[in-house]
Amino acid sequence: MKQLLLKQKQVLFFIIAGGLSAIVEIGSFKLFSVNIPIFFSSETNFHGIHFPLSNIFSTTCGIVFNYFLSIWFVFERGKHSKKREFAYFMVISFFSTILSLLFFQLFYNTIFRDNLDLIIYTFSPQILSKIAAIGLVSILNYSIKKNVIFNG
């Protein structure tokens, strides 16, 4: 088991970094989705798009947090200059954000219609949709970041 963990250390660190980034993203989404509608009432349904600003702002928080975890703990740097590496990371993250928004809308409008009550905590359809979107997009992110941005 120890040998397997050592071989898969990068994947394990990516999962940990992703989990911590997801906590930042979901936590900030909760804060934004509660507070932005106070000032911008159509945030809950902006022309059929649910919580667009909350999604964009929270995803940005998660991306920036993930970038620093990625360069400190997950991937080897050096394939590109720091400036180019950051630019690639942001471009890929931009497309990931679009994909995440699309998945969020899909899940929110079709799959997660009711709260999920786990006795100690109740997940809203918004949070469930956010968690599912993050999960799907993170699989794609690992592959692209590993092979395009960083030194494997």
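We did not get these values from a lab; they are worked out from the coordinates using the rules stated. Since the model is a prediction, treat every value here as computed from it, not as a measurement. Here Cβ is always computed from backbone atoms with ideal geometry, including for glycine, and neighbour counts include all displayed protein chains.
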Using just the helices of the chain, give the 222 nm mean residue ellipticity in deg cm²/dmol: DSSP H runs with n ≥ 4 each add -39,500 (n - 2.57), and the total is spread over all residues, rounded to 500. -22500 deg cm²/dmol
Normalised contact order of the stretch 2-149, rounded percent, pairs of Cα under 8 Å and 6 or more residues apart: 24 percent
For the stretch 1-76, what is Rg from Cα atoms divided by 2.2 N^0.38 Å, rounded to two decimals? 1.45
Residues with amide H under 5 Å of PHE46's amide H, sequence separation 5 or more or different chain, H placed in the peptide plane at 1.01 Å from N; which? PHE51
With a Cα-only, solvent-free Debye model of the chain, what are the log10 I(q)/I(0) values at q = 0.10, 0.19 Å⁻¹? -0.39, -1.14
Take the chain, connect every pair of alpha-carbon atoms lying under 10 Å apart with a spring to form a Gaussian network, then pick out the residue of ILE127, ILE38, ILE119 with the largest mean-square fluctuation. ILE119
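Can you tell me the order of 25-33, 8-16 when each peptide is scored by its average per-residue count of other Cβ atoms within 10 angstrom, highest first?
25-33, 8-16
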